[in-house]
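For reference, the structure is listed below as structure tokens.
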Amino acid sequence: MAFKGSAAEASKRIAELEAEKRINAENMVVRESEEKKRTLNSLAHGDIRYRKYSIEEIEIATENFAENRKIGEGGYGPVFKGFLDHTPVAIKVLRPDAAQGRSQFQQEIEILCCIRHPNMVLLLGACPEFGCLVYEYMANGSLEDRLFRRGNTPPIPWQQRFVIAAEIGTGLLFLHQTKPEPLVHRDLKPANILLDRNYGSKISDVGLARLVPPSVADTVTQYHMTSTAGTFCYIDPEYQQTGMLGTKSDVYSLGIMLLQIITAKPPMGLTHHVERSIERGTFKEMLDPTVLDWPVEEALSLAEVALKCAELRRKDRPDLSKVVLPELNRLRGIAEDNMQPYIMGINNNYTQPRHSQVSAQDMLSGPLAGQSGYDSGPSSSYTTGKATSDV
């Protein structure tokens, strides 16, 4: 009987402990939820440099959304170039079905306007009532356009490519470390990396998924996956299979993009081709031939990191902060030690425009004005007008 009594008491104690653990877990969830809500509210109602534009200002800036002001067509709507506050800007107009309820839309914009980083395109403001987003204008277009030399632009030197790779990794890590929850980009690719007038790189369309209902975002994603092989190649295979999105999904996309930075080749089958070239000892032949002075050993190190990022299984991909970014920064240091005085102006006798002496109007009407990548589509060339977008 004593044995039965002790067993019953033990069972009772175990039940009490389980109940206590459950209550503690529930309380923790409640506390985290309240903390998240307080953070969002403080961001939305704090002292934020958020400029609210009227639809009249937007119409004047775009000449009433004139066709000749249109510089892109994304899955979420058209993009126009214009001037606001005497500054060249890119204005993205979300389709009516892509805009949320007005109050939620405005709160999300206020939060996104707080997310500032040197390697992310800045959201300057918005016209919430009409779903217009105002971004800084990037004078040298998208990384995709420059890698593929659209408009006969000069090849990017290897030094600048290594710097760009590290800048992208730095910006991405910042996104993944945002509070109260990580921001997953979901559509990281060269078309969504924009270059400023000094070829500094910035991730575009940051957090745009927050502004769009899942039903619309999923539709655009599906449209991408079925109609555009280019974008399909950047999507995390595990995300495709399970629908579970995480920061490692962006790491996969980063891997594909890093391979493109050194090869300037399309993404389809790129991991396979690079792996085979390494196995056969022909890796040098995979490097972009327009660059004549590749440091092959360092480029191989970048390729090996990229291939690890592009592993099919999420658990096999390396940690961005502990593995990937330290290596990208090491290569960046080597690049900067070998940087030429006028790195973007020496190739092919090409002289980089002296933007400090170029007017804002010239920046919008110059040779790169129509190639700034704001369409976020599979090709960021604005001449297509057919690009789709997913963030």
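Counting only DSSP beta bridges with both residues in segment 51-136, tell me the antiparallel percent, nearest 5. So the antiparallel bridges in segment 51-136 amount to around 90 percent. Relative to the Cα centre, the charge distribution of segment 58-186, modelled as +1 at Lys and Arg Cβ and -1 at Asp and Glu Cβ, gives a dipole magnitude of about 420 debye.
With the charge dipole of segment 143-339 set up from +1 on Lys and Arg Cβ and -1 on Asp and Glu Cβ about the Cα centre, the Cα lying farthest toward the positive end among the listed residues ASN198, ASN338, PRO182 is that of PRO182. Residue exposure proxy: ILE168, ILE55, ILE256, ordered by other Cβ atoms within 10 angstrom of their Cβ from fewest to most, comes out as ILE55, ILE256, ILE168.
All of the numbers you see were taken from the coordinates with simple rules; none came from a lab. Source: prediction; values computed, not measured. Don't worry about glycine lacking a Cβ; one is built from the backbone with ideal geometry, like all the others, and counts go over all protein chains shown.
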